[in-house]
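Here is the structure we will look at, set down as structure tokens.
The values are calculated or read from the model by the stated rules, or taken from the named source; none is laboratory data. No experiment lies behind these values; they were computed from the predicted model shown. Please note: Cβ atoms are built from the backbone with ideal geometry, for glycine as well, and neighbour counts cover all protein chains shown.
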Amino acid sequence: MVFGATGFVGRLVAGYLADHAPAGVRIGLAGRSGQRLADIRAQLGAAASDWPLVVADSGDLASVEMLARTARVVATTVGPYRRQGLTLVEACAREGIDYADLSGEVLFLRESIDRCHDMAADAGARIVHCCGFDSIPSDLGVLLLHQAARTDDAGDLEDTTLVVRAMRGGVSGGTLASGMGQWEEMRSSGERRGQTEDPYSLSPDRAAEPDLGDERDLDWLSYDGDLRMWVGPFLMAGINTRVVRRSNALQGWAYGRRFRYREVTGFGAGPAAPVLGAAVSTALKALAAGLAFRPSRTLLGQLLPAPGEGPSENTRRKGHFRIEIHTHTSGGARYLSKIEARGDPGYAATSVMLGQSALCLALDRDLLPDRAGVLTPATAMGAALADRLRSAGHTLATQRIIQ
Ligand SMILES: NC(=O)c1ccc[n+]([C@@H]2O[C@H](COP(=O)([O-])OP(=O)(O)OC[C@H]3O[C@@H](n4cnc5c(N)ncnc54)[C@H](OP(=O)(O)O)[C@@H]3O)[C@@H](O)[C@H]2O)c1
């Protein structure tokens, strides 16, 4: 069941499933307007002509519970999740229904873990947040490094850095609304801000996490001698790093107790690199400053896309991303994983990732790790999802670096 099918990403996910789901998979569309769901279904072509439609509003508990009961897996793009998401998570956790979403909101994820993890674990539900560009490439990329090092008996993962080498795409109104909502909460409460900034904010057991010194996200340009390039902040690091650390903890710290993880944007080593890096880092700081003050936030809200709007088809088609993750192991080895896809990362590639996550949860149960609760993409689906994404045209590859 695709909940939020009338929204910008929901339409893309529904379209992806109409074109790529195997014959025999029953798919339904859910949202708060029956008429608009029927209009969306009509645009999806013959494959979707008999898809059932379910009217549900996340503010109406009974309708959300009914939606959960009709499905084996719910993929939801109803956001901002912090405002609209928890009723469905609770319903799925209680009913034992698998769930996948695109949330990148740390405070929502923390609330979901605190309220629903034990309930979902008892009911056998896999609740999987962050099944889009944040945080599947990060989470699966690190899992692949861990599996490669373990196969070679090369020790634990230690210093590990994700570098964004190339990225092109746009942004939707729903993403901006979610980001601004989280920003407002952080501004209004020191406790919330502290929760968001804690590197282990999504830990299943905060007190048991290792003390590895300063693990703050990078906020300015620097030269990295190990990577031999200029690196600067990456906008999604604040969510992705927490998800990857949660994956480590949920697996009993299988990546290692000295696993230090960060995410950066790579600007290369040429003479123009520090100039470009400084310009991008300044732009990110300016955006953060613009969001911090109500008048400029209101102005930005008027200039940027509204909920329901997002990048054009041309932008989605021409977009792409290329990511590398470098790691050192305790045995002295180095590995590199490469994750790459064509299409706008947050929309074209994300609709593939969420669509394949839903299919993975529905169809690959025998291949999935034996785990339930509020999970991450790596701990809920792991290698089965990586195989699906490769079949869908994404690159996920790992190699050992000979020194
Ligand atoms: N992780 C990633 O990589 C990634 C990428 C893209 C987007 N996202 C996230 O995905 C979410 C959706 O983005 P978007 O651009 O598609 O937003 P959008 O176009 O605004 O769509 C939001 C959807 O939520 C529905 N909705 C809102 N309130 C509801 C309620 N009370 N009950 C039921 N449905 C309700 C809307 O229904 P109506 O049509 O009836 O208004 C719409 O279908 C955002 O949180 C965004 O941050 C994440």
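Before we move on, is Ala14 within 21 Å of the chain's Cα centre (by Cα), more than 8 Å from the ligand (Cβ to nearest atom) and part of a helix (DSSP H, G or I)?
yes
Kindly establish whether Gly232 is within 16 Å of the ligand (Cβ to nearest atom), touching a residue at least 40 places away in the same chain (Cβ under 8 Å) and either under 19 Å from the mean Cα position of the chain (by Cα) or closer than 27 Å to Arg322 by Cα (or both). Give the derivation first.
Values: within 16 Å of the ligand (Cβ to nearest atom): no; touching a residue at least 40 places away in the same chain (Cβ under 8 Å): yes; either under 19 Å from the mean Cα position of the chain (by Cα) or closer than 27 Å to Arg322 by Cα (or both): yes.
It is false that Gly232 is within 16 Å of the ligand (Cβ to nearest atom), touching a residue at least 40 places away in the same chain (Cβ under 8 Å) and either under 19 Å from the mean Cα position of the chain (by Cα) or closer than 27 Å to Arg322 by Cα (or both).
Restricting to segment 29-51, count the residues that are away from the ligand (no atom under 11 Å from the Cβ), part of a loop (DSSP other than H, G, I, E, B) and either buried (at least 19 other Cβ atoms within 10 Å of the Cβ) or at negative phi (or both).
Count: 4.
Could you list all residues from segment 52-63 that are of a type in the set (Gly, Ala, Ser) and within 9 Å of the ligand (Cβ to nearest atom)?
Across segment 52-63, the qualifying residues are Ala56, Ser58, Gly59, Ser63.
For Glu95, indicate whether it is surrounded by fewer than 24 Cβ atoms within 10 Å (Cβ to Cβ) and more than 16 Å from the ligand (Cβ to nearest atom).
yes
Condition first: among the aliphatic types (A, V, I, L, M), within 27 Å of Pro80 (Cα to Cα) and part of a helix (DSSP H, G or I). Now tell me which residues in segment 138-176 satisfy that. Don't jump to the end; show me each part of the working.
Of all residues in segment 138-176, those among the aliphatic types (A, V, I, L, M) come to 140, 142-145, 148-149, 154, 157, 162-164, 166-167, 171, 176.
Within this subset, residues satisfying the condition of being within 27 Å of Pro80 (Cα to Cα) are 140, 162, 164, 167, 171, 176.
Once the filter is applied, which keeps residues that are among the aliphatic types (A, V, I, L, M), within 27 Å of Pro80 (Cα to Cα) and part of a helix (DSSP H, G or I), segment 138-176 yields Leu140, Leu176.
Being under 17 Å from Leu53 (Cβ atoms) and assigned to a helix (DSSP H, G or I) is the filter here; which residues of segment 66-87 pass it?
If the condition is that a residue be under 17 Å from Leu53 (Cβ atoms) and assigned to a helix (DSSP H, G or I), then Met66, Leu67, Ala68, Arg69, Thr70 are the ones that fit.
Mind checking whether some residue in segment 167-174 is surrounded by 23 or more Cβ atoms within 10 Å (Cβ to Cβ), under 27 Å from Gly301 (Cα atoms), within 14 Å of the ligand (Cβ to nearest atom) and of a type in the set (Val, Ile, Thr)?
no
With respect to Ser189, determine if the residue is at pLDDT below 95, away from the ligand (no atom under 15 Å from the Cβ) and among the hydroxyl-bearing types (Ser, Thr, Tyr). Walk me through how you get there before you give the answer.
Numbers: at pLDDT below 95: yes; away from the ligand (no atom under 15 Å from the Cβ): yes; among the hydroxyl-bearing types (Ser, Thr, Tyr): yes.
The answer is yes for Ser189.
Scan segment 214-232 and give yes if some residue there is among the basic types (Lys, Arg), in a loop (DSSP other than H, G, I, E, B) and in contact with a helix residue (DSSP H, G or I) (Cβ under 9 Å, 6 or more places away or on another chain), otherwise no.
Scanning segment 214-232 turns up at least one residue that is among the basic types (Lys, Arg), in a loop (DSSP other than H, G, I, E, B) and in contact with a helix residue (DSSP H, G or I) (Cβ under 9 Å, 6 or more places away or on another chain).
Any idea which of Leu145, Leu109, Leu102 is in contact with a strand residue (DSSP E or B) (Cβ under 6 Å, 6 or more places away or on another chain), under 22 Å from Cys360 (Cα atoms) and more than 10 Å from the ligand (Cβ to nearest atom)?
Step by step, each of Leu145, Leu109, Leu102 is checked, and only Leu145 is in contact with a strand residue (DSSP E or B) (Cβ under 6 Å, 6 or more places away or on another chain), under 22 Å from Cys360 (Cα atoms) and more than 10 Å from the ligand (Cβ to nearest atom).
Looking at Gly319 and the list (1) within 15 Å of the ligand (Cβ to nearest atom); (2) at pLDDT below 95; (3) within 21 Å of the chain's Cα centre (by Cα), which single condition is not satisfied?
Going through (1) within 15 Å of the ligand (Cβ to nearest atom); (2) at pLDDT below 95; (3) within 21 Å of the chain's Cα centre (by Cα) one by one, Gly319 breaks only (2).
When the residues of segment 64-88 are narrowed to those that are closer than 21 Å to Val9 by Cβ and free of Cβ contacts under 8 Å to residues at least 60 places away in the same chain, which ends up nearest to the ligand (Cβ to nearest atom)?
Gln84
Name the residues in segment 200-224 that are closer than 17 Å to Trp183 by Cα and of a type outside the set (Gly, Ala, Ser), would you?
Let us first name the residues in segment 200-224 that are closer than 17 Å to Trp183 by Cα, namely 201, 217, 219.
Selection gives Asp217, Asp219.
List pairs: first in segment 308-325 and over 19 Å from Leu235 (Cβ atoms) and touching a residue at least 40 places away in the same chain (Cβ under 8 Å), second within 16 Å of the ligand (Cβ to nearest atom) and among the hydroxyl-bearing types (Ser, Thr, Tyr), Cβ under 9 Å, 6+ apart or cross-chain?
Gly308/Thr6; Gly308/Ser172; Glu309/Ser172
Based on what the data block shows, is Asp134 in contact (Cβ under 8 Å) with a residue 24 or more places away in the chain and more than 10 Å from the ligand (Cβ to nearest atom)?
no
What residue, of Ser58, Ser103, is under 17 Å from the mean Cα position of the chain (by Cα) and outside any helix (DSSP H, G or I)?
When all the criteria are applied, what remains is Ser103.
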